[in-house]
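First the structure, which I've put down as structure tokens, then a few questions once you've had a look.
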Amino acid sequence: MGVQRQNKIMYGGDYNPEQWSEEVWAEDMRLLKLAHIDIVTLNVFNWAMLQKDDEVYDFVKLDKIMELVKENGLKVCMATSTAAHPAWMARKHPDILRTEHNGMKRKFGSRHNSCPNSPTYRKYSALLAQKLAQRYQGYDNIVAWHVANEYGGQCYCENCEKQFRVWLKEKYGTIEELNRVWNLAFWSHTMYDWEDVVVPDLRSEEWFWDYTRTNFQGISLDYRRFQSDSMLACYRAERDAIKEIMRGVPVTTNLMGFYKDLDYQKWAREMDFVSWDNYPGHDAYPAQIAMSHDLIRGLKQGAPFWLMEQTPGVSNWHPYCALKRPGVLRLWSYQAVAHGSDTVMFFQMRRSIGACEKYHSAVIDHAGHENTRVFRETAALGKELERIGAQTLGARTPADVALIFDWDNWWASEYSAGPSRLINYHGEASKYYRALSEANIAVDIIGVEDDLSGYKLVIAPMLYMCKDGFDEKVRMYVKGGGAFLTTYFSGYVEDHDLVVTGGYPARLRDILGIWVEESDAVVEGKCNHFTYKGVRYPADILCDLLHLEGARAVSAYEEDFYRGMPVLTENDFGKGKAFYVAAGSGREFYAAYLADLCGSLGISPVLKAPEGIEAVVRENENGSFLFILNHNDADTAVTLADSGTDIITETAYAAGAQVTMAPKDVLILRKR
């Protein structure tokens, strides 16, 4: 279900007038109009205002706010306020409070402090969503619903322990099967009854070293799955309560990019559209931000998403809360649109005066007027988005390359007891993505359940967990002519984190034409080496010692007792090819290797451009739009391959024209 009544890239974000006296509201409306704001997210953290006790609800102030924004022509993304429960609820119903990983029961405070398996939370959160939908169903300016806010965290309370047992019964059926999949013959852990199951925390199976360790990876893995499912059940309950009353308005919740605690691929199947909050650090590089956008786009098989939050100026919670430099607000906003967003939204409209977000930037600063740099930049961008109108709405990104990313694999690989503390699933995936992104090669980030057939190259870095059936999907893809690449620490285990015996990479062995006998963990700061096309590169993190079983060696290790053993291989399999990278390496290697690989497969860059120039294409019924973004701090010359008109300035360019782009500038060329 798409968002209805959208005739342009919607522009706005979180608005919290309940934090201010009503005398301020009229000035807010003047300033928001001046900034070309057309949508506000309301009611994100108002549970205490809306519900006074178990029976008494008070919508008087929210009614006034809803009338205010309607009178001023603003669309509304309506939130349910359920991300922070009120104090009276914690006092009267302490089962709502979470328990920490160390067994400590929390008190009222903060946010994300509600147990997702608390009967109290489940009851009152869904009931509030229902009452909000009933009360505001007549407002035709509500274009979307926003359930809770940034779901996250973990709970280890008695509610969760009891429900975990129920979840396991539904998943495995018998205690005997549970003993098998968790390998409970180890360390005399055999369970005789479901009541023997306890949560895996510091009191039982897990401990801290340099990161969270666990004695039983299968138990901890299933608990991560269970907690993600528990919060998803909370989302579904609120969503269903809303949809029973307002069937035609789409429902979402704001995600957080590569957030490890929740399986967003599973969540996305329950969301009408996906949205997310983009808060990169001051030192984030362009491809790092782009990768998160592409992840979110991939959650719905390439459908557009919403940029729900970003800061217009400065965040409040990074180690170094550096200002967005002039032009970066505009640049990063268009980067989101380039990668699939149909909105540009901020947290927040007016800056708070107290608590932890009082120094988080806003469209309206503490100065309270329009004479600030951030306001001027916001208003200028809003004017441009009005000019662009609906041209890019619904547009999709064509891509020949898919990058596999899977939450179960993320959890399992980093819970592994060995071989190295440097195992970093997201980090390894980022290396491959960055090399492609910086070459302006479009990438779809997909899951193991998605279709592979439309891609010329599928990359699955560090596929430690090769799930049931995925090897056969890859096998058929490669046999049919596809190209598949995977890396060290792949093919070790099945869905329950049980080793698949017979030699790594187990289920992928015939496809890759190799057998990995053992792997050498390389101490941080050390490396082996290999040479690829005359250039010497480091081999680090993990070095697989492998034997060829039909594959060809492209390069070999140059040091240690496994000198001469293959480090890069390729294998003909059916009509396609499979590639293996047996060690970690550096940025220069990934760039060179993937450029060669893409070239051999007929995968071309969107635009050949200097370093620091990002180019992305979106296509819809209105045409093909080439976004060119200059991330550099200096003027940069770009040669255009095709003719087109910049939809921001309405300037026409001929094919072959050389355009000098100012620092942080953007072109959006509609190709002719």
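May I ask you to verify whether Ala380 is of a type in the set (A, V, I, L, M), touching a strand residue (DSSP E or B) at 6+ places or on another chain (Cβ under 9 Å) and either surrounded by fewer than 22 Cβ atoms within 10 Å (Cβ to Cβ) or not in a helix (DSSP H, G or I) (or both)? So that I can check it myself, show each step before the final result.
Numbers: of a type in the set (A, V, I, L, M): yes; touching a strand residue (DSSP E or B) at 6+ places or on another chain (Cβ under 9 Å): no; either surrounded by fewer than 22 Cβ atoms within 10 Å (Cβ to Cβ) or not in a helix (DSSP H, G or I) (or both): yes.
It is false that Ala380 is of a type in the set (A, V, I, L, M), touching a strand residue (DSSP E or B) at 6+ places or on another chain (Cβ under 9 Å) and either surrounded by fewer than 22 Cβ atoms within 10 Å (Cβ to Cβ) or not in a helix (DSSP H, G or I) (or both).
Just one of (1) surrounded by 21 or more Cβ atoms within 10 Å (Cβ to Cβ); (2) of a type in the set (Asp, Glu); (3) farther than 30 Å from Ala390 by Cβ trips up Glu614, so point out which.
Single failed check for Glu614: (3).
Since His36 meets every condition but one in (1) in contact with a Lys or Arg (Cβ under 7 Å, 6 or more places away or on another chain); (2) within 28 Å of Ser125 (Cα to Cα), which condition does it not meet?
(2)
Can we say Val581 is buried (at least 17 other Cβ atoms within 10 Å of the Cβ), without any contact (Cβ under 8 Å) to a residue 24 or more places away in the chain, under 29 Å from Tyr464 (Cα atoms) and not assigned by TED's automatic domain parsing to the domain that holds Phe305? Reasoning before the result, please.
Values: buried (at least 17 other Cβ atoms within 10 Å of the Cβ): yes; without any contact (Cβ under 8 Å) to a residue 24 or more places away in the chain: no; under 29 Å from Tyr464 (Cα atoms): yes; not assigned by TED's automatic domain parsing to the domain that holds Phe305: yes.
For Val581, the condition - buried (at least 17 other Cβ atoms within 10 Å of the Cβ), without any contact (Cβ under 8 Å) to a residue 24 or more places away in the chain, under 29 Å from Tyr464 (Cα atoms) and not assigned by TED's automatic domain parsing to the domain that holds Phe305 - is not met.
Looking at segment 39-93 only, could you name the residues that are among the charged types (D, E, K, R), in contact with a Phe, Trp or Tyr (Cβ under 7 Å, 6 or more places away or on another chain) and farther than 15 Å from Thr120 by Cβ?
If the condition is that a residue be among the charged types (D, E, K, R), in contact with a Phe, Trp or Tyr (Cβ under 7 Å, 6 or more places away or on another chain) and farther than 15 Å from Thr120 by Cβ, then Lys70 is the only one that fits.
Here is a further query. Would you say Ala362 is touching an Asp or Glu at 6+ places or on another chain (Cβ under 7 Å), surrounded by 24 or more Cβ atoms within 10 Å (Cβ to Cβ) and part of a loop (DSSP other than H, G, I, E, B)?
No; evaluated as a whole, the condition is false for this residue.
Considering only segment 246-276, how many residues are among the hydrophobic types (A, V, I, L, M, F, W, C), assigned to a loop (DSSP other than H, G, I, E, B) and out of contact with any Leu (no Cβ under 9 Å at 6 or more places or on another chain)?
Step one: of segment 246-276, the residues among the hydrophobic types (A, V, I, L, M, F, W, C) are 246, 249, 251, 255-256, 258, 262, 267-268, 271, 273-274, 276.
Those left that are additionally assigned to a loop (DSSP other than H, G, I, E, B): 246, 249, 256, 258, 262, 271, 273-274.
If we keep only those that are out of contact with any Leu (no Cβ under 9 Å at 6 or more places or on another chain) too, we end up with 246, 249, 273.
Final tally of qualifying residues: 3.
Sticking with this one: Would it be correct to say that Asp294 is surrounded by fewer than 23 Cβ atoms within 10 Å (Cβ to Cβ) and either in a helix (DSSP H, G or I) or out of contact with any Lys or Arg (no Cβ under 6 Å at 6 or more places or on another chain) (or both)?
No: the conditions fail for Asp294.
For segment 241-283: of the residues being at pLDDT below 95 and among the small types (Gly, Ala, Ser), which is surrounded by the fewest Cβ atoms within 10 Å (Cβ to Cβ)?
Among those residues, the one meeting the criterion is Gly248.
Is it true that some residue in segment 425-440 is free of Cβ contacts under 8 Å to residues at least 40 places away in the same chain and assigned to a loop (DSSP other than H, G, I, E, B)?
No - not one qualifying residue is present in segment 425-440.
In segment 97-154, which residues are without any contact (Cβ under 8 Å) to a residue 24 or more places away in the chain and among the aliphatic types (A, V, I, L, M)?
Met104
Can you pull out the residues in segment 629-672 that are among the hydrophobic types (A, V, I, L, M, F, W, C) and in contact with a helix residue (DSSP H, G or I) (Cβ under 9 Å, 6 or more places away or on another chain)?
Passing the criteria: Leu629, Ile647, Ile648, Val666, Ile668.
Related question: Kindly indicate the residue of segment 119-177 that is more than 21 Å from Thr82 (Cα to Cα) and aliphatic (A, V, I, L, M) and also surrounded by the most Cβ atoms within 10 Å (Cβ to Cβ) among those meeting that condition.
Filtering segment 119-177 for residues that are more than 21 Å from Thr82 (Cα to Cα) and aliphatic (A, V, I, L, M), the one surrounded by the most Cβ atoms within 10 Å (Cβ to Cβ) comes out as Leu168.
Hey, any hits in segment 385-400 for a residue that's of a type outside the set (Phe, Trp, Tyr) and closer than 23 Å to Arg587 by Cβ?
yes
Within segment 614-639, track down each residue that is in contact with a Leu (Cβ under 7 Å, 6 or more places away or on another chain) and either aliphatic (A, V, I, L, M) or at pLDDT below 95 (or both).
Matches in segment 614-639: Ala615, Val617, Leu626, Ile628, Leu629.
List the number of the failed condition for Val458; all other conditions in (1) within 30 Å of Pro610 (Cα to Cα); (2) without any contact (Cβ under 8 Å) to a residue 40 or more places away in the chain hold.
(2)
Further, regarding this structure: If I filter segment 547-555 for residues that are within 30 Å of Gly218 (Cβ to Cβ), out of contact with any helix residue (DSSP H, G or I) (no Cβ under 9 Å at 6 or more places or on another chain) and either at pLDDT 95 or above or assigned by TED's automatic domain parsing to the domain that holds Ala592 (or both), do I get at least one hit?
Looking through segment 547-555, at least one residue is within 30 Å of Gly218 (Cβ to Cβ), out of contact with any helix residue (DSSP H, G or I) (no Cβ under 9 Å at 6 or more places or on another chain) and either at pLDDT 95 or above or assigned by TED's automatic domain parsing to the domain that holds Ala592 (or both).
Is it the case, given these coordinates, that Lys575 is among the basic types (Lys, Arg), in the same structural domain as Val516 (by TED's automatic domain parsing), at pLDDT 95 or above and out of contact with any strand residue (DSSP E or B) (no Cβ under 6 Å at 6 or more places or on another chain)?
For Lys575, the condition - among the basic types (Lys, Arg), in the same structural domain as Val516 (by TED's automatic domain parsing), at pLDDT 95 or above and out of contact with any strand residue (DSSP E or B) (no Cβ under 6 Å at 6 or more places or on another chain) - is met.
Looking at segment 514-521, can you tell me whether even one residue there is of a type in the set (Val, Ile, Thr) and farther than 14 Å from Ala582 by Cα? Walk me through how you get there before you give the answer.
Narrowing segment 514-521 to residues of a type in the set (Val, Ile, Thr): 514, 516.
Narrowing the set further to residues that are farther than 14 Å from Ala582 by Cα leaves none.
For segment 514-521, residues of a type in the set (Val, Ile, Thr) and farther than 14 Å from Ala582 by Cα: absent.
Let me ask you something else. Could you check, for segment 30-53, whether at least one of its residues is in contact with a strand residue (DSSP E or B) (Cβ under 8 Å, 6 or more places away or on another chain), assigned by TED's automatic domain parsing to the domain that holds Arg106, in a strand (DSSP E or B) and surrounded by fewer than 18 Cβ atoms within 10 Å (Cβ to Cβ)?
Scanning segment 30-53, I find no residue that is in contact with a strand residue (DSSP E or B) (Cβ under 8 Å, 6 or more places away or on another chain), assigned by TED's automatic domain parsing to the domain that holds Arg106, in a strand (DSSP E or B) and surrounded by fewer than 18 Cβ atoms within 10 Å (Cβ to Cβ), so the answer is no.
Hey, could you check segment 384-424 for residues that are of a type in the set (A, V, I, L, M, F, W, C) and part of a loop (DSSP other than H, G, I, E, B) and say which is surrounded by the fewest Cβ atoms within 10 Å (Cβ to Cβ)?
The selected residue is Ala417.
Another question, then. I'd like the full set of residues that are surrounded by 17 or more Cβ atoms within 10 Å (Cβ to Cβ) and touching a Gly at 6+ places or on another chain (Cβ under 6 Å), limited to segment 538-555.
Pro538, Asp540, Ile541, Ala551
Hey, among the residues in segment 213-237 that are touching a Ser or Thr at 6+ places or on another chain (Cβ under 8 Å) and within 16 Å of Asn102 (Cα to Cα), which one's surrounded by the most Cβ atoms within 10 Å (Cβ to Cβ)?
Top of the filtered list is Ser220.
Pick from Val535, Val516, Val493: which is within 31 Å of the chain's Cα centre (by Cα) and either free of Cβ contacts under 8 Å to residues at least 60 places away in the same chain or buried (at least 21 other Cβ atoms within 10 Å of the Cβ) (or both)?
Val493
Give the number of residues within segment 629-672 that are free of Cβ contacts under 8 Å to residues at least 60 places away in the same chain, closer than 30 Å to Asp283 by Cα and in contact with a Phe, Trp or Tyr (Cβ under 8 Å, 6 or more places away or on another chain).
Total satisfying the criteria: 5.
Would you be able to tell me the number of residues in segment 320-352 that are aliphatic (A, V, I, L, M), modelled with pLDDT under 95 and over 22 Å from Asp665 (Cβ atoms)?
Of the residues in segment 320-352, 0 are aliphatic (A, V, I, L, M), modelled with pLDDT under 95 and over 22 Å from Asp665 (Cβ atoms).
Pick out the one residue from Glu67, Glu23, Glu100 that is among the acidic types (Asp, Glu) and surrounded by 14 or more Cβ atoms within 10 Å (Cβ to Cβ).
Matching residue, one of Glu67, Glu23, Glu100: Glu100.
If a residue must be farther than 18 Å from Glu386 by Cα and not in a strand (DSSP E or B), how many such residues does segment 648-664 contain?
Number satisfying all stated conditions: 7.
The values are calculated or read from the model by the stated rules, or taken from the named source; none is laboratory data. Source: prediction; values computed, not measured. Here the Cβ is made from the backbone with ideal geometry for all residues, glycine too, and neighbour counts use every protein chain on show.
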